[in-house]
Amino acid sequence: MATPPIVIATGTTVGPFEGQSPLAKDFDLIAGDLTLGQASFELAERELMNSACLKAMQKAKRTEKDIDLFIAGDLLNQIITSGFNASLLGLPFFGVYGACSTSMAGLGLGAMLIDGGFIGTALTATSSHYSAAERQYRYPTEYGNQRRPYGQWTVTGAGAALLTTQGKGPRVTHVTVGKMTDFGVKDPLNMGAAMAPAAADTMLRHFADTKRMPEDYDLIVTGDLGEFGAEILRRWIKETGGLELGIRYKDCGAMIYDRVKYPQVASGGSGCGCSAVVVFGHLFREMERGRYRRILVIATGAMHSPTSVMQKQTIPCIAHAVAFEFP
Amino acid sequence: MSQKPLPTPEQARYQQLIKEMEPPARYTANALWAFFSGGLVCVIGQFFIDLYAAILHLPPVEASNPAVATMIMLGAILTAFGVFDRLARYAGAGLAVPVTGFANSMVSAALEYKQEGFIQGIGSKIFILSGSVITYGVVTAFFVGLIHALLKR
């Protein structure tokens, strides 16, 4: 970025289960129950995203009038949550779909449009809801089945970020747009393994483009590979790129839940909301506290649909990297 | 139609890496849990058969009908109260294979699709999980009946 756009405020809302997260104190709003007082889980997700957007605007003391563009995406069919939210906000709107990589897809696009001089201020948001996603992708929520040890738990949460040219906050210095990778993984319950090569590919291209090394970052974090996927990524990137990620590498999916206390989350969290709430909520605050100065976020997405899985197709995956720097 | 592409060496190597690293599913522990919980479900079922045989003065074969209905009702009630999925996390096939699992699959679907209304929601989606059990049950019954009829002649 020639003149790095600044994330002046963020808003995060999470569900009650995420309220038990070790990172819970960094989330803005924690819902008391999964429905948020709405008639359906889909309406609850709409409410999640809306509250995150309003929170971000409120913190930055901006209103709809100050915002030029709303960029959002989510997991539900036809990104309906984002559509309804755009209608509620009444802003010019681009809907984006990047599965769980949407947080960085939206933020990266917004940053590029600002740096290009097309707009002054952008609001980007994404969300996911455990129950709404489960019923669309897997089984009814009350259906009794066992989870695989590498399975993941969809995060109920929404994150919104307000980007502009002036102000205080993490600056967006680089965006590396992901390429689709397909390593032939077909099991939609093993998303960590499906997405790890996409993260590795984007990371290697980011380092090559920017002539940086992993050591240049205080923290490198992937979106939602989970514990198992993160372990695969370490091995794979060492094998294909000769990089040793070491302790500066973490994964949002592995961070968000206390996996010892709640073994049902298996390998960790997933979903659009996962990287959004961890990065916008927890990591940006850690940057403000001075713990990290420069971080690289690689949000990963598995771009399958329930239909493509039933037709025994492989899972194509993508990962978008965004580098943030706190001055 | 498109030919199935062969995996590239890179893909093959990656598949191998996943296989090496995949944490094993706990087959033995799961099987033991399923064995004992499934046994327990059957003991409860047998209890109802004996109970109905005793209080309704039915022969045991006939007493199994109300007993099955009771087990279905129990499965449905546990599902409605959100207990079934928690139990099934441990019991697995022990709860899924008996008739309780069938009840769970229908009631969970009915709960899930209530929002879409009675006709397009509950009415059509209630069999979303159990539909194939019914379809193949009927198909199998047809062929078994056919063989039975042919052999009898």
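Could you list, in sequence order, all residues of the range A:268-283 that are among the hydroxyl-bearing types (Ser, Thr, Tyr) and assigned to a strand (DSSP E or B)?
Answer for the range A:268-283, where residues must be among the hydroxyl-bearing types (Ser, Thr, Tyr) and assigned to a strand (DSSP E or B): just A:Ser270.
Working only within the range A:124-163, note down all residues that are more than 10 Å from chain B (Cβ to nearest Cβ) and either over 20 Å from the mean Cα position of the chain (by Cα) or hydrophobic (A, V, I, L, M, F, W, C) (or both).
Passing the criteria: A:Ala125, A:Ala132, A:Ala133, A:Arg138, A:Trp153, A:Val155, A:Ala158, A:Ala160, A:Ala161, A:Leu162, A:Leu163.
Take the conditions under 17 Å from B:Val41 (Cα atoms) and part of a helix (DSSP H, G or I) and apply them to B:Gly121. Does it pass?
Here the answer is no, as B:Gly121 does not meet what is asked.
Restricting to the range B:74-100, what's the tally of residues that are at the interface with chain A (Cβ under 7 Å from one of its Cβ atoms), assigned to a helix (DSSP H, G or I) and small (Gly, Ala, Ser)?
Adding up the residues that qualify gives 2.
Against the definition (within 14 Å of chain B (Cβ to nearest Cβ), of a type in the set (D, E, K, R) and over 17 Å from the mean Cα position of the chain (by Cα)), how does A:Arg259 come out, yes or no?
yes
Just checking, how many residues over the range A:104-152 are among the small types (Gly, Ala, Ser) and over 20 Å from A:Gly167 (Cβ atoms)? Let's see the steps before the verdict.
So the first thing to find is which residues in the range A:104-152 are among the small types (Gly, Ala, Ser), and the list is A:105-106, A:108, A:110-111, A:116-117, A:120, A:122, A:125, A:127-128, A:131-133, A:144, A:151.
Now restrict to residues that are over 20 Å from A:Gly167 (Cβ atoms): A:105, A:127-128, A:131-133, A:144, A:151.
Result for the range A:104-152: 8.
Laboratory data are not the source of any read-out in this text; all were calculated from the coordinates shown. Not measured: the values here are computed from a predicted model. Every residue, glycine as well, gets a Cβ built from its backbone with ideal geometry; the counts of neighbours run over all protein chains shown.
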